[in-house]
Amino acid sequence: MRGIVSYLGRWDVSAGYYKYGGHPTDDYEHCVFWHGKELTMFTCRWGILATGGIARTFVKDLLLDPKTRDVEDVKHEVVAAASSSSKARAEEFVSGFGLDTAKVACYGNYEELVNDKNVDIIYVATPHGLHYDNVKLALNAGKHVLCEKAFTVNEQQAAHLIKIAQEKNLFLMEAVWTRFFPLSQTLQRLLFKDRILGKLLRVSADNCIPFDVDTLPLSHRMLDPKLAGGALLDLGIYALTWIFMIAYNDPENGHAIPQVTSTMIKNKRTQVDETTNMNLLFPGSGVNCVATTSMRLRTSEECVCRIEGEKGVVTVQWAPFRPQSFTVYLNRDFFEPGLDITKKGFDKEGEKQTFEIPGQGMFWEADECARCIRDGKKESDVMPLEESRVVMSVMDQVRRDNHFYYPPEIEKCDS
């Protein structure tokens, strides 16, 4: 498959191309070396709001040496952490990383954390049913924020947080970490700039992880309506991430908002969504998409996302949230000129591209936050706030069309 090798070769670090944040680029103005002079490394100081599993994973990545991912312009420091239950819980969290609790401020409430003058940015790692209140607290204290996904419970809450951030001139971003992987950015370049598949026709994405939903405690985050439980906001956000990363951002679509239809199966015990199927038609490009999610089923490891175009197919392998490889299958009519054009079909072997991840992979979104804060930017070009709002509006419509609502105290918005 000669044609694909030449495309992907541009993104080979070993080929000697300039790098910005570990990613090969031809944007020389933003390289690690500016006119031959090495830039000063910027240190981003983090405050960690909540001490659960996702926060532990995030902090582990923050503490990795940036050089392991070829990053030389930014680094990270955890300067504070807070648990809503007790200061001791925060101290236990911090010491678990080998950090000195005498040097890292530990708090037993979130108010003290967001008012810590040593903190540049707050990482909100609570369940998404709490995001609105937690992010609002941090923004009103004058802090930049990286908020876990799903961004909020509904579009109205997302729009209000965006408004607050803009009024206070603060950086805000939804932590859609998958968008910042070298794999994701390479794939977008191949599809949008190099157009290796030609016109895009269809995208399907799936994120299903089986939980024992018949025996889980009713208070579990996946089942509890008071925590905005269900498959859609917790798992479906990843399926929608692939749909939006490809179809919404396809230049031919022009960021047109999709037409959406959906079906849903609800859990008999708590009535949160157990399985949800979404069909999205993007009017700007005519690309038809299917996004599926479930907490009863399991996604195939061979294909979590399938992108089809007039010239071929790309499949992305497991995991939908932490992908490490994709495979390109070009129609034989396109990948080798001179081949008998009567031989239709796709090259069955394909060309697989693998991207190593030195840690979990959450550091790339953290690097983006650091650069934006350093450069005075108030939102990311990779994961813009308007896209987060539109995704929330799609999930709102899916819930509304299937008569799925959360308790009023979870859906509330002050605006």
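How many residues are surrounded by 19 or more Cβ atoms within 10 Å (Cβ to Cβ), within 30 Å of Asp212 (Cβ to Cβ) and of a type in the set (A, V, I, L, M, F, W, C) if we restrict to the stretch 236-276?
Number of matching residues: 7.
Could you run through the stretch 218-260 and say how many residues are of a type in the set (Lys, Arg) and closer than 16 Å to Ala319 by Cα? Before you say what the answer is, go through the steps one by one.
Of the residues in the stretch 218-260, the ones of a type in the set (Lys, Arg) are 221, 226.
Retained after the next criterion (residues that are closer than 16 Å to Ala319 by Cα): none.
Selection size over the stretch 218-260: 0.
Which one is surrounded by the most Cβ atoms within 10 Å (Cβ to Cβ) among residues in the stretch 357-375 that are over 18 Å from Pro320 (Cβ atoms) and more than 14 Å from the chain's Cα centre (by Cα)? Break it down into steps so the answer makes sense when it comes.
Going through the stretch 357-375, the residues over 18 Å from Pro320 (Cβ atoms) turn out to be 358-359, 363, 366-375.
Filter once more, keeping what is more than 14 Å from the chain's Cα centre (by Cα): 358-359, 370-375.
Values: Pro358: 15, Gly359: 16, Ala370: 26, Arg371: 19, Cys372: 22, Ile373: 19, Arg374: 17, Asp375: 10.
Checking each candidate, the answer is Ala370.
Which one of Asp116, Asp73 is in contact (Cβ under 8 Å) with a residue 40 or more places away in the chain and over 27 Å from Pro182 (Cβ atoms)?
None of the others qualify; the one that does is Asp116.
Go through the stretch 268-308 and count every residue that is closer than 13 Å to Met395 by Cα and in contact (Cβ under 8 Å) with a residue 60 or more places away in the chain. Please lay out each step first, then the result.
The first filter runs over the stretch 268-308 and keeps only residues closer than 13 Å to Met395 by Cα, leaving 273, 276-280, 291-293.
Filter once more, so that each one left must be in contact (Cβ under 8 Å) with a residue 60 or more places away in the chain: 273, 276, 278, 280, 291-293.
Number satisfying all stated conditions: 7.
Could you please find all residues in the stretch 150-176 being under 19 Å from Asp120 (Cβ atoms) and either of a type outside the set (D, E, K, R) or out of contact with any strand residue (DSSP E or B) (no Cβ under 9 Å at 6 or more places or on another chain) (or both)?
So in the stretch 150-176, the residues under 19 Å from Asp120 (Cβ atoms) come out as 161, 164-166, 168-175.
Within the stretch 150-176, Leu161, Ile164, Ala165, Gln166, Lys168, Asn169, Leu170, Phe171, Leu172, Met173, Ala175 qualify.
Within the bounds of the stretch 304-327, is there any residue that is assigned to a helix (DSSP H, G or I), crowded, with 16+ Cβ neighbours inside 10 Å and not basic (Lys, Arg)? Spell out how you get there, then give the answer.
Let us first name the residues in the stretch 304-327 that are assigned to a helix (DSSP H, G or I), namely none.
No, the stretch 304-327 contains no residue that is assigned to a helix (DSSP H, G or I), crowded, with 16+ Cβ neighbours inside 10 Å and not basic (Lys, Arg).
Ala15 is checked against (1) at pLDDT below 95; (2) surrounded by 13 or more Cβ atoms within 10 Å (Cβ to Cβ); (3) aliphatic (A, V, I, L, M) and fails just one. What number does that condition carry?
Checking Ala15 against (1) at pLDDT below 95; (2) surrounded by 13 or more Cβ atoms within 10 Å (Cβ to Cβ); (3) aliphatic (A, V, I, L, M), the one that fails is (2).
Looking only at residues in the stretch 376-395 that are of a type in the set (Asp, Glu) and crowded, with 18+ Cβ neighbours inside 10 Å, which one is farthest from Asp273 (Cα to Cα)?
Keep residues of the stretch 376-395 that are of a type in the set (Asp, Glu), which gives 379, 381, 386-387.
If we keep only those that are crowded, with 18+ Cβ neighbours inside 10 Å as well, we get 379, 387.
On the way: Glu379: 31, Glu387: 23 Å.
Among those residues, the one meeting the criterion is Glu379.
Got at least one residue in the stretch 78-90 being under 15 Å from Gly361 (Cβ atoms) and either in a helix (DSSP H, G or I) or of a type in the set (Lys, Arg) (or both)?
Residues of the stretch 78-90 under 15 Å from Gly361 (Cβ atoms): none.
For the stretch 78-90, residues under 15 Å from Gly361 (Cβ atoms) and either in a helix (DSSP H, G or I) or of a type in the set (Lys, Arg) (or both): absent.
The values are calculated or read from the model by the stated rules, or taken from the named source; none is laboratory data. None of these values were measured; they are calculated from a predicted model. Neighbour counts run over all protein chains shown; Cβ positions are idealised from the backbone, glycine included.
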